1. Taking the Cα centre of the chain as origin, sum charge times position over the Cβ atoms of Lys and Arg (+1) and Asp and Glu (-1), and report the length of that vector in debye to the nearest 20.
2. Cα-based Rg of the range 138-184 per 2.2 N^0.38 Å, rounded to two decimals?
3. Round to the nearest 0.05 the FRET efficiency obtained for N110 and E136 when R0 = 22 Å and r is the Cβ-Cβ distance.
4. Across all directions of projection, what mean area in square nanometres is found for the Cα convex hull of the range 38-125?
5. Could you work out [θ]222 nm for the chain from helices alone, using -39500 (n - 2.57) per DSSP H run of at least four and dividing by all its residues? Round to the nearest 500 deg cm²/dmol.
6. Please give every one of the aspartates and glutamates within straight-line cross-link reach of K173, meaning a C-alpha to C-alpha distance under 15 Å, and leave out same-chain neighbours fewer than 8 residues apart.
7. Would you tally the net charge around I142, using a Cβ to Cβ cut-off of less than 12 Å, leaving I142 out, and scoring K and R as +1, D and E as -1?
8. Measure off 7 Å from each Cα along the Cα-to-Cβ vector at E69 and E93, then give the distance between these two points in nanometres to one decimal.
Amino acid sequence: LDQMSRVFTYLAAHGYLKPCLGRGKEISEFFRIISCGQSSVVLVGEAGVGKTTIVEGIAQAMVAEEVPEILKDKKLLSLSVPTLIGGASSPGEVEHRLLQIMNEIVHAGNIVLYIDDVHNLVGQSGGGKENLDVSEVIANFISNNKIITLSSTTPSDFVNYLDRTSLGRAMQKVKIDEPNIDEA
């Protein structure tokens with residue numbers, strides 16, 4: 001997990017993240033969904049609307065302990081999908097890496113996993129003739145409420161890759177719009 005992720009809460013605690021302004025509504029919506037028992041949220045918005053900034057704002061709120069009880073004392077980690085899939089010699093190796101990561105998260109019990117461009121996991125395999133959809137592994141952990149995840153994608157990628165998959169059904173969708181003039 002350490003080799004394939006960045007710790008956003010560490011970056012927030014040490015002042016490496018830019019301030020998140022005008023996104024309180026979206027952050028509150030994430031907190032509301034997680035507080036109601038849903039374990040996975042996907043931020044759906046066009047490229048450049050500020051999805052990563054919202055995630056950074058959530059990390060800053062986690063560090064300041066201005067979060068619901070379920071998120072207190074947790075770390076927000078960003079999974080690197082290219083690192084996960086890159087260099088794998090077989091679909092089995094990708095599955096093994098992912099299962100290892102998921103088991104580390106479950107065992108730690110204090111990690112919220114962020115997956116940027118989550119649609120890149122759908123239909124991905126580590127190579128070879130087999131086609132392992134690694135998104136099914138994550139969907140299984142989410143469906144069983146074993147991990148809390150936050151992810152992001154674009155509207156077209158959500159429709160094309162996630163809408164009718166078990167991963168898409170396991171995640172609560174939050175639409176992210178471009179900030180209006182006053183917010184910007």
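The values are calculated or read from the model by the stated rules, or taken from the named source; none is laboratory data. This structure is a prediction, so every number in the text was calculated from the model and none was measured. Heads up, the Cβs are rebuilt from the backbone with ideal geometry, glycines too, and the neighbour counts pull from every protein chain shown. Accessible surface is based on the protein model in full, side chains and every heavy atom, while ligands, DNA and RNA are left aside. Shrake-Rupley method; radii C 1.70, N 1.55, O 1.52, S 1.80 Å.
1. Working: 16 positive and 23 negative charges, 52 e Å.
For this selection, approximately 240 debye.
2. Values: Rg = 13.4 Å, N = 47, 2.2 N^0.38 = 9.5 Å.
Cα-based Rg divided by the globular estimate yields 1.41.
3. 0.30
4. Details: hull surface 26.6 nm².
Convex hull of Cα atoms, orientation-averaged projection: 6.6 nm².
5. The helix-only estimate for the chain comes to -10500 deg cm²/dmol at 222 nm.
6. Within reach: E26, E29, E46, D116, D117, D157, D163.
7. That sum, taken over residues with Cβ under 12 Å, equals +1.
8. 4.6
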